[in-house]
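Read-outs throughout are calculated quantities, based only on the coordinates presented, and are distinct from any laboratory measurement. None of these values were measured; they are calculated from a predicted model. Here the Cβ is made from the backbone with ideal geometry for all residues, glycine too, and neighbour counts use every protein chain on show.
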Amino acid sequence: MAVITEIKDLKRIYERRVPRMFYDYAESGSWTEQTFRENTSDFDQLRLRQRVAVDMTGRSTASQMIGQDVAMPVALAPVGLTGMQCADGEIKAARAAEEFGVPFTLSTMSICSIEAVAEKTSKPFWFQLYTMKDQDYVRRLIERAKAAKCSALVITLDLQILGQRHKDLKNGLSAPPKLTAKTIANLMTKWTWGLQMLGTKNREFGNIVGHVDGISDASSLGSWTAEQFDPALDWAKIAKIKEMWGGKVILKGILDAEDAKMALKVGADAIIVSNHGGRQLDGAMSSIKMLPSILDAVGDQIEVHLDSGIRSGQDVLKALAMGAKGTYIGRAFVYGLGAMGQKGVTTALEVIHKELDISMALCGKRSVSDLDRSVLLVPEGFGGRWA
Ligand SMILES: Cc1cc2nc3c(=O)[nH]c(=O)nc-3n(C[C@H](O)[C@H](O)[C@H](O)COP(=O)(O)O)c2cc1C
């Protein structure tokens, strides 16, 4: 049994176990992948300030995100097709999150439906909404999330149109995979994955199939988004959705101070500074580099969260020290899930928790609420001098 000490260990096992199409789907950014790469490399530019002789007993990573208690401020980000990375993947990830005491966010584009995840979990999870042209479908989705007692609605704003990832087109990404000579050859080497998939009925987009009429191909993410996602989404529509939901709302995909101010205006409870893990606008700045300007604009008036590029507890520490109140991991938990199912997600959370806790201690901090910019050494011009 491999000894897992870092997220990279999980990624190596994940790559071996999961069909190439789904590995590539997760492990890609759009076009040249510049933003995807910089999301992680920009975290490396930040350094930590070592402090000594500070009593480090009684440490805690516990905190709150949108008023909910969390064991550490690290939520699982919404990830489409999670149930293709591992059979019943959304249920397994949600169970790992609830046991660990962190929020789980279910994607609109999940394989297991809202109801299937609610049935197999005991604590409320968050639901991520993609806004569709079909208003009636959006209304029904929101009603389903309410009926499942979801405790927050995460509205994703940076995917009205799908960014291009070359590999997804070349692989013919679909759920379930279409059986071509290439996919069959690859699936033959992924027996455990295949046998587990045969053992579940959750193999299609659970929130879509059976809930919408007249889709030409519901197995293809590309054609579904092109046909259904709402290119006319604007702030007035966001305000309407917020009203329809009536509960806590988090706006995801904010990367600019002007948009953060609009999010504040519509009365969101939190924003997620995010570039969708480098999967949408290639050439956009990394989330961690955009965070300071967004905090300057709205940080004292709205809860600011961050995702994109977090691969360790040290990255979480850097985002929190910079001023974020919460963070999300996407790929880091997907690697764990594909590698070892529910246990792998728990392992990913444990690894990140340990790194966060030890790094906090070595920076002379005992709690998340003590973290501030004094923990960081930020190179001059980190945010960049861009005209
Ligand atoms: C495979 C994959 C699928 C994703 N699907 C969704 C989705 O359905 N909805 C959404 O809002 N974000 C989606 N995202 C973006 C994540 O929520 C999150 O913003 C991103 O993964 C953060 O970057 P990281 O993977 O570097 O942690 C997806 C990301 C990945 C990697």
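Residue-wise HN-Hα couplings along the stretch 22-32, as the Karplus relation 6.51 cos²θ - 1.76 cosθ + 1.60 with θ = phi - 60° gives them from phi, are 7, 4, 4, 4, 7, 8, 9, x, 7, 6, 7 Hz; Gly and Pro carry x.
Report the net charge of residues surrounding ASP158, where surrounding means a beta-carbon distance below 10 angstrom and charges are Lys +1, Arg +1, Asp -1, Glu -1.
Values: positive: LYS252, ARG279; negative: ASP259.
Result for the local shell: +1.
Using the empirical formula 2.2 N^0.38 Å as the baseline, the Cα radius of gyration of the stretch 159-251 reaches a ratio of 1.41.
For the pair the stretch 1-30 and the stretch 102-181, the centres of their Cα atoms are 22 angstrom apart. About its Cα centre, the chain has a charge dipole of approximately 780 debye under the convention of +1 per Lys or Arg Cβ and -1 per Asp or Glu Cβ, with nothing else charged.
In this structure the amide hydrogen of VAL70, modeled in the peptide plane, comes within under 5 Å of the amide hydrogens of SER63, GLN64, MET65, none closer than 5 places in sequence on its chain. All other residues whose Cβ lies under 15 angstrom from that of GLY326 are scored, Lys and Arg at +1 and Asp and Glu at -1, for a net of -1. GNM remark for the chain: springs join alpha carbons under 10 Å apart, and the peak mean-square fluctuation among ALA361, ALA75, ALA270 falls on ALA361.
Evaluated at q = 0.08, 0.10, 0.12 Å⁻¹, the base-10 log of the normalised Debye intensity for the chain, with identical point scatterers placed on the Cα atoms, takes the values -0.38, -0.61, -0.90.
For the chain, hydrophobic long helices are taken as DSSP H runs at least 24 Å long by C-alpha position along their axis with mean Kyte-Doolittle hydropathy of -0.5 or more; these are 331-362.
Report, in debye and to the nearest 20, how large the dipole of the stretch 1-156 comes out about its Cα centre when Lys and Arg carry +1 and Asp and Glu carry -1 on their Cβ. Mind dumping the intermediate values first?
On the way: 21 positive and 20 negative charges, 32 e Å.
So the magnitude is around 160 debye.
Rg ratio for the stretch 289-387: its Cα radius of gyration over 2.2 N^0.38 Å, N being its residue count, equals 1.17.
Under 5 Å from the amide H of GLY364 lie the amide H atoms of ARG51, each residue being 5 or more positions distant or on a separate chain, with H modelled from the backbone and absent for Pro and chain starts. Look at CYS363, CYS150 and count the other Cβ atoms within 10 Å of each Cβ; fewest to most, that gives CYS363, CYS150. Please give the net charge around THR189, taking every other residue with its beta carbon less than 10 angstrom from that of THR189, where Lys and Arg add +1 and Asp and Glu add -1. So the surrounding residues net to +4. On the principal axes of its alpha-carbon atoms, the stretch 14-113 has extents of 50, 34, 28 Å, going from largest to smallest. Reported to the nearest whole Å, the Cα centre-to-centre distance from the stretch 243-267 to the stretch 348-368 is 30.
Identify, among ILE184, GLY253, HIS305, the residue whose Cα sits farthest towards the positive end of the charge dipole of the chain, taking +1 on the Cβ of Lys and Arg and -1 on the Cβ of Asp and Glu, with the dipole about the Cα centre. Projecting each Cα onto the dipole axis, the largest value belongs to ILE184.
Against the empirical curve 2.2 N^0.38 Å, the C-alpha radius of gyration of the stretch 57-216 lands at a ratio of 1.14. Close amide H contacts of GLU303 (hydrogens built in the peptide plane, cut-off under 5 Å, sequence separation of 5 or more or a different chain): ILE271.
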